[in-house]
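The structure appears below as structure tokens.
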């Protein structure tokens, strides 16, 4: 990777993480999702269907506490996320429906609830943009944090009843090396200031 603005912890995490998805292109296609609430923002409409490779199917299907990181082809850290479910539930294959008729398009698209609109913005600027999604699971996540001297982050997770992945996500979102360029919205003070 060629980036020069990585927080040391992010670099350690990426070095220890397992790449499991690579988005390497798109098909231009207007589509939407079907959700129970008609006002659900995950409905769309969306403009792209990703071309992607599953690099590690076992990791994609693993359940349990996990931190995932999205990096661009240029080496920028674009998204930090966490889950206690399967990665396949966060980075899911969603059935596609016609924007105009609501009829099934008989196809599926890769989708991520909070990141997809930002991925589409990147694709608007350059349809050749590529992203890699990597994951680091417990207990390896805690080991890397301990090696990086983040004992307070581990203690905070225990004290607050939150997962280590949640606390690390928060830590990286607030780090000045990444905050201004991360797609994260809820935990990112730069994104809130910019009104993203």
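As a proxy for reagent exposure, ranking 34, 117 by other Cβ atoms within 10 Å from fewest up yields 34, 117.
Of 29, 173, 145, the sequence from fewest to most neighbouring Cβ atoms within 10 angstrom is 29, 173, 145.
Taking other C-beta atoms within 10 Å as the exposure proxy, 134, 114 rank 114, 134 from fewest upward. Its DSSP H runs of at least 4 residues, each contributing -39,500 (n - 2.57), put the calculated 222 nm mean residue ellipticity of the chain at -8500 deg cm²/dmol, to the nearest 500. Quick one: work out Rg over Rh on the C-alpha atoms of the chain, Rh as Kirkwood radius. Radius of gyration over Kirkwood radius for the chain works out to 0.97.
Bear in mind these aren't lab numbers, they're just calculated from the coordinates by the rules spelled out. Computed from a predicted structure; not experimentally measured. Ideal geometry is used to build each Cβ from the backbone, glycine not excepted, and the neighbour counts take in all protein chains shown.
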